[in-house]
Amino acid sequence: MASRLSGSSDLYGASGRQPYASINFVVAHDGFTLHDLVSYTTKHNEANLENNQDGTDDNHSWNCGVEGPTDNPEINELRERQKRNFLATLLLSQGVPMICGGDEIGRTQQGNNNAYCQDNELSWYDWDLTKNQHQLLEFTKELIAVKKNHPVFHRRRFFQGKALKNSEVKDIAWFAANGKEMGESEWKKGLRVLGIRLAGDAIDEMDEFGNLIIDDTFLVLINAHHERVLFTLPAHRKEVRWEAMLDTRGPLNPKHLKPFKGGQKYNVGARSLALLRLRSPSKASD
């Protein structure tokens, strides 16, 4: 997981290629749509008239507790959160993201993972968006803006795992929920919680005018556990302050808009992802 989030140097580095050689995706044109990925555990291709034998059975999907549409509000909320989790993980990873058209609005094919022969409502886009679909679209736009506007999320070179000249911290560091950098023993535990700090002052690349690229420093908190986790925010200096930018649980509430001190605990909800930005030293003292 860590290798994929950081650009897959294990796959591309040895041949001299860079992070942008990695084309990242969660779903593609063959297989489930993103909505169906979190709504169906098995394929439902009966409409193709091949006795449900066509299409792959290897979908790596989970219906969140009920197969297909449901009126259960808890399951529907979890499905919406899982879609946001997938999109956030995809767009905050190094490399080139590929989003299958319609996933930004939660398009469904009703569990059909091989709809090549369905030129009808099953495969068409319904542009009459529901409230949840509007919210997913806005969330996707927000993620794309973060990816586009912050070069730390689309580096042209692989991380080195160390502090570079004039940088405060390592270009990338991995944290456990206790706020400490992960050591070899933590990596072997199979943790469900992970923190990734990306240093914006350690990109070590030049722009088209020959100026050093400097960005903000970010912290991505990922919780794949079914229970919430209180994550201790790392602090490399006394006055460290973190501000929440987005949380896949939903819109940020007012208390999350206040800066968090390094060492303070951030409530990372069950099966959720949060993105925080390091405040500049001048703002941190406010």
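Any read-out appearing in this document is the output of simple, stated calculations on the displayed coordinates, not a laboratory observation. Since we're looking at a predicted model, the values are computed, not measured. In this analysis, Cβ positions are derived from the backbone assuming ideal geometry, glycine residues included, and neighbour counts consider all displayed protein chains.
Observations on the model:
- Backbone amide hydrogens, once placed in the peptide plane, bring GLY95 within less than 5 Å of ARG155, excluding anything fewer than 5 places away on its chain.
- Cα-based radius of gyration for the chain, normalised by 2.2 N^0.38 Å, reads 1.07.
- Label-reachable residues, the stretch 228-245, where backbone N falls under 13 Å from a point 7 Å from ALA163's Cα toward its Cβ: 236-238
- Bridgeable aspartates and glutamates around LYS189 (alpha carbons under 18 Å apart, same-chain partners fewer than 8 residues away excluded): GLU181, GLU227.
- Between the Cα long axis of helix 131-149 and the first principal axis of the chain there is an angle of about 40°, rounded to the nearest 10.
- Charged side chains reduced to their Cβ positions (Lys and Arg at +1, Asp and Glu at -1) give the chain a dipole of some 1820 debye around its Cα centre.
- The chain: angle of helix 73-91 to the longest principal axis, Cα-based, in degrees nearest 10: 60 degrees
- Residue pairs, from the table LYS162/LYS188; LYS238/LYS265; LYS43/LYS141, whose Cα atoms sit over 24 Å apart: LYS43/LYS141
- The chain: relative contact order as a whole-number percent, Cα under 8 Å and 6+ apart: 15 percent
- Residue range of the chain that is longest and free of GluC sites (Glu not before Pro) which are both DSSP loop and sparsely packed (at most 14 other C-beta within 10 Å): 122-204
- Our helix-only sum for the chain, with -39,500 (n - 2.57) per DSSP H run of n ≥ 4 divided by its residues, gives a mean residue ellipticity at 222 nm of -5500 deg cm²/dmol.
- For TRP174, TRP242, TRP127, TRP62, the sequence from fewest to most other C-beta atoms within 10 Å is TRP127, TRP62, TRP174, TRP242.
- DSSP beta bridge pairing in the chain, given as percent antiparallel to the nearest 5: 95 percent
- Modelled this way, with points 7 Å down the Cα-to-C-beta line, the labels at GLN264 and GLN53 are 6.1 nm from one another.
- Cα-based radius of gyration of the stretch 2-149 once divided by 2.2 N^0.38 Å, which approximates compact folds: 1.12
- Trypsin sites (Lys or Arg not before Pro), loop per DSSP, at most 11 other Cβ atoms within 10 Å - longest free stretch of the chain: 1-164
- Spin-label pair SER15/LYS147, simplified geometry with 7 Å Cα→Cβ offset, distance in nm: 2.2 nm
- Placing R0 at 41 angstrom, the Cβ-Cβ distance between GLU138 and GLU184 gives a FRET efficiency of 0.50 after rounding to 0.05.
- Computed over the stretch 2-149, relative contact order equals 31 percent, with contacts defined as Cα pairs under 8 Å that lie 6+ residues apart.
- Spatially proximal aspartates and glutamates relative to LYS258 (Cα-Cα < 17 Å; intrachain offsets below 8 disregarded): GLU239, GLU243, ASP247, ASP286
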